[in-house]
Amino acid sequence: MAQLSFLKGRAALILSVFLIVQASVFYGFSRGETPPSYRQLDGFPKQIGAWRMVQQGVMEPEVKDILRADDYITREYAVSPQKEANLFVAFFKSQRAGQTPHSPKNCLPGSGWVWTIADTIPVTVPGRAAPIEINRYLVSRGEDRSMVLYWYQSRDRVVASEYQAAAFVAWDAIRYNRTDTSLVRVVVPVMNGKDDVATQTGVEFIQAFFATLRQFFPA
C-alpha cells in the first residue's frame with residue numbers, strides 16, 4: 001500500500017508539473033518572448049586552473065538536429081592521463097516548439113549505456129554560500145564505466161530535478177517572459193572500478209569551471 005501511495009503521489013506530481021507548463025504555454029509564451037543576450041560558448045577557456053583542453057568535440061548533425069540547442073560545447077579536459085573529464089554544455093535561449101534539454105537519463109540508455117546508480121550529491125562551488133545539488137549517474141556499457149554528473153541552470157539557479165526545472169520554466173515564462181536554460185554535463189571515466197574517485201574528479205572539475213561558466217549565461 002505504501003508503494004501504491006508513492007506511485008500515486010509521483011503521478012500527481014508529474015501531472016501537476018504538466019498542467020503548470022501547459023499554463024505557461026498558454027499565458028507566458030503567448031505574449032512573445034525576447035531571448036536574453038549571452039556569450040558564445042566557443043569562447044569558454046581552454047585552460048581552467050590545472051585543467052587543460054585536450055580535445056574539441058563536434059556534435060554529429062543528426063544529434064544536433066534532435067537536440068536543437070542554440071549553442072553548445074563538448075570538450076575533453078585533463079590534468080593528467082589519469083585525471084580527465086568531458087564537459088558538455090547545451091544552451092537554449094528559448095524553450096518554445098520543443099527546444100528543451102534532453103535528460104541524460106533518457107539519452108544514455110538509448111545509446112546502449114545501462115545505469116546502476118542514480119542519485120543527487122551536494123557540491124560546494126566558489127561564490128556560493130550553500131552547495132549546489134546535482135545529479136550523479138553511474139553508467140556502463142560492456143567493460144566501460146562512466147560517472148555522469150549533470151544539472152540544469154538558468155541564471156544563478158541550479159536544479160537537479162527535471163520536474164522542478166520544468167516548473168521553473170513555467171514560472172520564468174509568466175513572471176519574466178523568458179525561458180532560457182542550459183544543460184551542464186560532466187562525464188568522468190571510472191578507472192579500476194573506483195567510482196568514488198571518478199565522482200571526486202568530476203566534483204573537482206566542476207569546482208574549477210563553475211564560476212567561469214556562469215559568465216557565459218544570461219544574467
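Read-outs: derived from the displayed coordinates by stated rules, not from any lab. Here the structure is a predicted model, which means the values were calculated and not measured. Using ideal geometry, Cβ is built from the backbone for each residue, glycine included, and neighbour counts are taken over all protein chains shown.
Binning the alpha carbon pair distances of segment 86-219 at 5 angstrom intervals from zero yields the distribution 2, 10, 20, 22, 19, 14, 8, 3, 1, 0, expressed in whole percent. Taking 0.36 nm per residue of sequence separation and removing the Cα-Cα distance, the residue 52/residue 103 pair yields an extension gain of 15.7 nm. By the rule of a C-alpha distance below 13 Å, with chain neighbours fewer than 8 residues away ignored, the aspartates and glutamates paired with residue 93 are 33, 70, 71, 172, 180. Using 0.36 nm per residue and subtracting the Cα-Cα separation, the extra length available between residue 212 and residue 174 on full extension is 10.8 nm.
Taken along the Cα-to-beta-carbon direction at a fixed 7 Å, the label points for residue 197 and residue 164 span 3.2 nm. Among 75-85, 126-136, sorting by the average number of other beta carbon atoms lying within 10 angstrom of each residue, highest first, gives 75-85, 126-136. Under 17 Å Cα-Cα from residue 46, which lysines qualify once same-chain neighbours fewer than 8 residues away are excluded? List returned: 83. Does segment 111-151 classify as rounded, prolate or oblate by the C-alpha gyration tensor (a ≥ b ≥ c root eigenvalues; a/c under 1.5 gives rounded; else a/b over b/c gives prolate, otherwise oblate)? Verdict is prolate for segment 111-151.
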